[in-house]
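Below is one structure, written out as structure tokens; the observations come after it.
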Amino acid sequence: MKKNIYGLTGFVLAMAIVVFVSCTKEDKLVKEEPVDFLELPQNAVKNGLDSLIDTIQRDYGVKVYYQFTPRVIDPTTFFTPTSYDRAVSYTNIMINKLWLGPLKQRFPKFWANEKPIEFLIVGSAIKFNSISSGGAAGAGLNGQFYRLGMGAVDNLSFTNKTSLRSHITTLYHEHAHQMDHKYGRGYAYDRVSQGNYYGIAYSSKTTAQAQADGFFEPYGGYAPEEDFATTVGACLTFTKDSVLRIVAKNPKLKTKYEMIYQKYLNMGMDLHDMKTYLDSAVARL
């Protein structure tokens, strides 16, 4: 029995010595320098897209991102970046020729005061908080003052002018969410259709029913923020005469349209003039 006790004691002492030695030999923690995720590698050679992005930032004051780090998009946001070639086409056609170019040329006051300073090009749909959540959620991505982003760029046809024209309207729809967050819709606006919004039932409504109820389209009846953004989109989609015929179907829709049209006019943009200008810009591609 004593022999066993001595053996056990010796084993414990031996293990203690091993642990002590291993602890004393452990390397000290090295304090590393903080990582700047936006810093270019030393002597990095810029590609053609990087040069185009530099030109756009110089001419328009907007920084375009097609590659992302945790500093640019939160790690809980799920998406896939687009390809280099598609990023080149999107930056040159959509951002340069259809968005910032016409905006600065036609409405310099709006361009100077209301443009974001960053733009994100995302290939896939954008999902927040869960990889299995619903896609897009533009109001969530674009509900901030300084950054605008567009997802599903991989689905955009750069040779189809109808597709491009529709996309630039969607871009302004998303930008309208920024204007909504920046300035607010106003006390009076939210009470025009108070109690009449569909919520998730909007998907069962027709366009004719929505317009009779006071919205340009069913999705505008989802909530006030989409009511605001779809009204901006409608003004950039239909001619002024067509818009006036639509708003004549419901006095509430007419009231909201006049509020938003005047709001944008005060910010420096005539939505109907921009609609005509965008049509001609797409036709020139």
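Derivation of every value follows stated rules applied to the coordinates shown; laboratory data play no part. Being a predicted model, the structure only gives us computed values, none of them experimental. When we count neighbours, we look across all protein chains shown, and the Cβ atoms used for this are built from the backbone with ideal geometry, even at glycine.
Using only the Cα atoms of the stretch 173-240, build the gyration tensor, take square roots of its eigenvalues as a ≥ b ≥ c, and label the shape rounded, prolate or oblate: rounded if a/c is under 1.5, else prolate if a/b is larger than b/c, else oblate.
Oblate.
Could you pull out the pairs from 127/256; 115/240; 249/275; 182/256; 63/240 whose alpha carbons sit more than 29 Å apart here?
Listed pairs above 29 Å: 127/256; 63/240.
Which of rounded, prolate or oblate describes the stretch 183-285 when judged by the alpha-carbon gyration tensor and an a/c cut-off of 1.5?
It comes out prolate by the Cα gyration axes.
Just want to confirm a number: the relative contact order over the stretch 144-269, from Cα pairs under 8 angstrom separated by 6+ residues, in percent.
23 percent
For the stretch 166-183, just list the computed ³J(HN,Hα) in residue order, Karplus coefficients 6.51, -1.76 and 1.60, θ = phi - 60°, integers in Hz, with x standing in for Gly and Pro.
5, 5, 5, 5, 4, 4, 5, 4, 5, 5, 4, 5, 5, 4, 4, 6, 6, 10
How do the peptides 192-202, 211-221 rank, highest first, by the average count of neighbouring beta carbon atoms within 10 Å per residue?
Per-residue mean Cβ counts within 10 Å order the peptides as 211-221, 192-202.
So who's got an amide H within less than 5 Å of the one on residue 148, skipping anything under 5 residues away but keeping other chains? H placed 1.01 Å off N, in plane.
Close amide H contacts, sequence-distant or interchain: 118, 119, 120.
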